[in-house]
1. If I ask for residues that are farther than 18 Å from Gly126 by Cβ and either within 12 Å of ligand 1 (Cβ to nearest atom) or at pLDDT below 95 (or both), which ones from the stretch 256-273 would you list?
2. Can you pull out the residues in the stretch 95-110 that are more than 13 Å from the chain's Cα centre (by Cα) and either among the charged types (D, E, K, R) or within 16 Å of ligand 2 (Cβ to nearest atom) (or both)?
3. Limited to the stretch 127-175, what total is found for residues that are more than 12 Å from ligand 1 (Cβ to nearest atom) and in contact with a Pro (Cβ under 9 Å, 6 or more places away or on another chain)?
4. So, of the residues in the stretch 240-255 that are closer than 18 Å to Gly159 by Cβ and free of Cβ contacts under 8 Å to residues at least 40 places away in the same chain, which turns out to be nearest to ligand 1 (Cβ to nearest atom)?
5. Considering only residues that are surrounded by fewer than 24 Cβ atoms within 10 Å (Cβ to Cβ) and among the charged types (D, E, K, R), look in the stretch 111-148 and name the one that is nearest to ligand 2 (Cβ to nearest atom).
6. Which residue pairs have Cβ atoms closer than 8 Å, lie 6 or more positions apart in sequence or on different chains, and pair a first residue in the stretch 263-279 that is among the basic types (Lys, Arg) with a second residue that is open to solvent by 50 Å² or more (accessible area, probe 1.4 Å)?
7. What pairs come up if the first residue lies in the stretch 90-108 and is more than 16 Å from Leu264 (Cα to Cα), the second is more than 9 Å from ligand 1 (Cβ to nearest atom) and among the basic types (Lys, Arg), and their beta carbons are under 8 Å apart, counting only those six or more places apart or on different chains?
8. Among the residues of the stretch 115-174, which ones are among the polar types (S, T, N, Q) and under 30 Å from Pro22 (Cβ atoms)?
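The values are calculated or read from the model by the stated rules, or taken from the named source; none is laboratory data. Since this is a predicted model, take the numbers as computed values, not measurements. Reconstructed Cβ throughout: ideal geometry from the backbone, glycine too, with neighbour counts over all protein chains shown. Ligands, DNA and RNA are stripped out before the accessible areas are found, and what is left, the full protein with its side chains, is counted by its heavy atoms. Shrake-Rupley method; radii C 1.70, N 1.55, O 1.52, S 1.80 Å.
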Amino acid sequence: MNLSHYLSIAPEIEAAVREGKPVVALESTILSHGLPWPQNLEFAYRVQSLIRGHGVVPATTAVINGRLRVGLEDFELESLCRGTNIEKASRRDLPILVATGKTGATTVASTMILASLAGIRVFSTGGIGGVHRGAQTSMDISADLQELAHTPVAVVCAGAKMILDIGLTLEYLETMGVPVLGMRSEDFPAFYCRKSGYGVDYAVKDEQEAARIIKTKWDLGLTGGVLIANPVPEQYALDFDEMDRIIQMALEDAQRNKITGKRLTPYLLDKLLQYTDGKSLSTNLQLAYHNACTAAKIAVEFSRL
Ligand code: PSU
Ligand code: MN
């Protein structure tokens, strides 16, 4: 089956990939289910223009009316941000949405899939999904981790939120053979905070070193991704203990309301926003911009190797 039957890549992105120019993939679940309207739309435009500022082509992914899409029109970004009736699309949702002609916002897992299909090697996001607290009984482990195990895309993130069990998330990544690199940091960051209490496998000194490790992994024939953990800039970081307390409240809400499955992550993100009076929002936006710039620099270095 010819993949073009299902997949459309914007001509600018296709040409950049063909010519070996740097491209950075962006997800859309952060737009539809991670950030509130209308800040999400402003974010969607700004993150793309920051990437362009580095001479890199941005590639936002989604499923639109049953088509896998790499590169979106402005009106499509806007409807994903307005977010009425937008499904959250992870790996298992893709065939259903495509076959039934629906629209879905891509998670880290499905964005990696679309990026890989398009030949894009670097992807920027906010935070990854991981092993949820209590996964010993709920078995709630994000499909993002399996994707990092198998799909050859480097993912730049600000670590993982403390809604997750970060220790178990890192154990899982170790089992799956995913290198976890800290960008100028020995600490694995906890999204809003620069430290989580856990370390990374290796602290890279700059984007060029990160690009060399990524390329070496694939040159060695090792499949799967690389995770680059990029701590939020100091001036935007939030207080660890305060966030810990707020996350505890959000987790208790979720448990009381029996929120499970794919609804859990968006539910917790929404609660955090509520409990921090929107203070977490500006941190969230700033760390995602920072990740986009770091990813763009890595993509530039990678394209030179
Ligand atoms: N964590 C965040 N912000 C997000 C997400 C996770 O701090 O927006 C989104 C990402 O798209 C991620 C997805 O891939 O949630 C994970 O969902 P789940 O846990 O259901 O796999
Ligand atoms: Mn889950």
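1. Of the stretch 256-273, the ones farther than 18 Å from Gly126 by Cβ are 256-261, 263.
Of everything in the stretch 256-273, those that are farther than 18 Å from Gly126 by Cβ and either within 12 Å of ligand 1 (Cβ to nearest atom) or at pLDDT below 95 (or both) turn out to be Ile259, Thr260, Gly261, Arg263.
2. Just the residues of the stretch 95-110 that are more than 13 Å from the chain's Cα centre (by Cα), to begin with: 95-104.
If the condition is that a residue be more than 13 Å from the chain's Cα centre (by Cα) and either among the charged types (D, E, K, R) or within 16 Å of ligand 2 (Cβ to nearest atom) (or both), then Lys102, Gly104 are the ones that fit.
3. 1
4. Ranking the qualifying residues of the stretch 240-255, first place goes to Ile246.
5. Looking at residues that are surrounded by fewer than 24 Cβ atoms within 10 Å (Cβ to Cβ) and among the charged types (D, E, K, R), I get Asp140.
6. Lys271/Met249
7. If the second residue must be more than 9 Å from ligand 1 (Cβ to nearest atom) and among the basic types (Lys, Arg), the pairs left are Ile96/Lys102; Val98/Arg67.
8. Step one: list which residues in the stretch 115-174 are among the polar types (S, T, N, Q), which gives 116, 124-125, 136-138, 142, 146, 151, 169.
Result: Ser116, Ser124, Thr125, Ser142, Gln146, Thr151, Thr169.
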